[in-house]
Amino acid sequence: MNTKTLADISQAAATAEGRVTLWRAIVAASEAATMLEIGVWKGAFAAAMLAAPSSLSRYYMLDPWRRLPQWNKPFNRDDAAFAAVFDAAIAATDFAAARRTILRGTTAEMIDAIPDAALDIAYVDGDHTLRGIAIDLMRAYPKVRPGGILGGDDFSATVWQHRDAYEPTLVNPFAVYFAEAQEATIAILPFRQFAILKPEEENRGFRVVDLVGEGEDWSLRSRLKPRRKPVPQTT
Ligand SMILES: C[S@@+](CC[C@H](N)C(=O)[O-])C[C@H]1O[C@@H](n2cnc3c(N)ncnc32)[C@H](O)[C@@H]1O
């Protein structure tokens, strides 16, 4: 485990006011130069990272910005809506055009445009279904350098993040199982964030550092508990 990185993340978690200030603090403390965001939408998070005074010199923005037939989640709009969302992402980050790289396509389509071990930080905020988070973590991990961070959003306490008509969100617990498979530390952070600390070869070892009191039960069963109040199936 990288003790300094964990200390930086813990300090950021203790003082952050939201996920943007949390990741800005992590970027600054780790002096990250190269970062990837999977799932960019209108570029609000990307703009916030690029606008912060930091050492970020390359920011990869990976998103298909198109309708995906297999993605049953509320953000999956029609192609016309995605064209406007793409324009918004470009406009929001134009001030940092020289430091951004646009990768327009799904993770599976575009991730190999990034060399292995090139990233200090990868931030996963795309398809949070079981299929999506499995693809994103498995494909992004080799792109992160040993000592770097693979983190993300929507580490939801329940799989029923959206209405019942939608596919469940499986970032939690899949990210924990993935960290175990990689013999890495995973920090559970406030604002439904997580960070997997990719270890150097000699520092491998699975550990969950729970900074929000999620508990020790990482079973899928505990996240499948029915909603307290059924949510209507209509849109
Ligand atoms: C919740 S939004 C991202 C929000 C953004 N990270 C922010 O903080 O402002 C999810 C995005 O994931 C993208 N997405 C969905 N499936 C994807 C996939 N397979 N690969 C990459 N991006 C995907 C969608 O196009 C959408 O823009």
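The values are calculated or read from the model by the stated rules, or taken from the named source; none is laboratory data. All values derive from a computational prediction rather than experimental measurement. Every residue, glycine among them, receives a Cβ derived from its backbone with ideal geometry; neighbour counts consider all protein chains shown.
Here are some notes:
- Within the stretch 70-113, tally of residues that are more than 12 Å from the ligand (Cβ to nearest atom), under 19 Å from A140 (Cβ atoms), part of a helix (DSSP H, G or I) and of a type in the set (V, I, T): 0
- Among the residues of the stretch 130-141, those identified as near the ligand (Cβ under 9 Å from one of its atoms) and either in contact with a Phe, Trp or Tyr (Cβ under 7 Å, 6 or more places away or on another chain) or under 14 Å from D153 (Cβ atoms) (or both) are G132, D136.
- All of (1) within 11 Å of the ligand (Cβ to nearest atom); (2) buried (at least 16 other Cβ atoms within 10 Å of the Cβ) hold for A16 with one exception: (1).
- The stretch 26-47, residues that are closer than 13 Å to I149 by Cα, within 16 Å of the ligand (Cβ to nearest atom) and in contact with an Asp or Glu (Cβ under 9 Å, 6 or more places away or on another chain): I26, V27, M35, E37
- Yes/no for I114 being modelled with pLDDT of 95 or more, more than 13 Å from the chain's Cα centre (by Cα), among the hydrophobic types (A, V, I, L, M, F, W, C) and within 18 Å of V40 (Cα to Cα): yes
- Top-ranked residue in the stretch 160-184 [being closer than 21 Å to P69 by Cα and of a type in the set (D, E, K, R); ranked as surrounded by the fewest Cβ atoms within 10 Å (Cβ to Cβ)]: D164
- Residue in the stretch 137-148 that is surrounded by the fewest Cβ atoms within 10 Å (Cβ to Cβ), counting only those that are touching a residue at least 40 places away in the same chain (Cβ under 8 Å) and in contact with an Asp or Glu (Cβ under 7 Å, 6 or more places away or on another chain): P146
- Verdict on A157 being of a type in the set (A, V, I, L, M) and either surrounded by 16 or more Cβ atoms within 10 Å (Cβ to Cβ) or outside any loop (DSSP other than H, G, I, E, B) (or both): no
- Residue among V171, V176, V212 that is in contact with an Asp or Glu (Cβ under 6 Å, 6 or more places away or on another chain) and closer than 26 Å to K73 by Cβ: V171
- Test result for D164, touching a helix residue (DSSP H, G or I) at 6+ places or on another chain (Cβ under 6 Å) and modelled with pLDDT under 95: no
- Scanning the stretch 93-107 for any residue that is of a type outside the set (K, R), touching a residue at least 60 places away in the same chain (Cβ under 8 Å), farther than 23 Å from V209 by Cβ and touching a Leu at 6+ places or on another chain (Cβ under 8 Å) turns up at least one such residue.
- Answer residue from the stretch 48-69, given it is assigned to a loop (DSSP other than H, G, I, E, B) and near the ligand (Cβ under 8 Å from one of its atoms) and is surrounded by the most Cβ atoms within 10 Å (Cβ to Cβ) among those: W65
- Among residues of the stretch 114-123 being more than 9 Å from the ligand (Cβ to nearest atom) and crowded, with 20+ Cβ neighbours inside 10 Å, the one that is nearest to G39 (Cα to Cα) is A122.
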